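Throughout, read-outs are computed from the coordinates displayed, never taken from laboratory work. Note that the structure is a prediction, hence the values are computed from the model and not measured. Heads up, the Cβs are rebuilt from the backbone with ideal geometry, glycines too, and the neighbour counts pull from every protein chain shown.
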Amino acid sequence: MTETNIDNENMTGWFILYSIIALTVIANAFLKISGGLEQKYYLFAGLVILTIVNFGYSYVLKTIPIAIAYTLWSGLGITLLTIMGWLIFKEHLTTAQLLWMGVIIIGCVGLNLSTAK
């Protein structure tokens with residue numbers, strides 16, 4: 001494999017990682033809207049998207065170390081889901097929760113900047 005192919009595959013891994021983070025947020029929104037088992041179409045859509053996310057994540061692990069990939073996936077996912085809950089579902093956030101989300105974001109940015117791409 002040439003260096004260009006490795007770089008392209010690595011960039012594809014990063015693109016897929018950020019895509020599955022966004023898809024995880026969308027899937028969780030569908031699961032929230034589904035109300036458990038009340039809205040079956042939203043439940044089904046959320047579960048299908050989460051299945052796609054897991055296939056994408058398995059590809060990501062070919063190019064990005066698991067510690068970095070999972071930390072970014074979970075950290076950014078938690079932060080985005082919390083913001084979505086506040087903006088869309090009108091869930092309450094305390095000052096402490098906002099502070100700790102800031103710490104998560106700083107950690108994710110630091111990991112991203114310190115990881116070779």
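Across region 82-97, rounded Karplus estimates of 3J(HN,Hα) from the backbone phi angles (6.51 cos²θ - 1.76 cosθ + 1.60, θ = phi - 60°) give 5, 5, 4, x, 6, 6, 8, 9, 6, 7, 7, 10, 8, 4, 4, 4 Hz, Gly and Pro being marked x.
When the P(r) is computed for region 3-114, the part past 18 Å accounts for 56% of the Cα-Cα pairs. Applying the Karplus relation 6.51 cos²θ - 1.76 cosθ + 1.60 with θ = phi - 60° to region 64-81 yields 3J(HN,Hα) values of 10, x, 4, 4, 6, 4, 5, 4, 5, 4, 6, x, 5, x, 4, 5, 5, 5 Hz, where x marks Gly and Pro.
Of the residues SER34, SER114, SER19, the one with the fewest other Cβ atoms within 10 Å heads the list, and the complete ranking is SER114, SER19, SER34. With a 10 Å cut-off between alpha carbons and a GNM built on the chain, which of THR12, THR82, THR94 moves the most? Residue with maximal mean-square fluctuation among THR12, THR82, THR94: THR94.
Each stretch of four or more DSSP H residues adds -39500 (n - 2.57); spread over every residue of the chain, this sum gives -29500 deg cm²/dmol at 222 nm.
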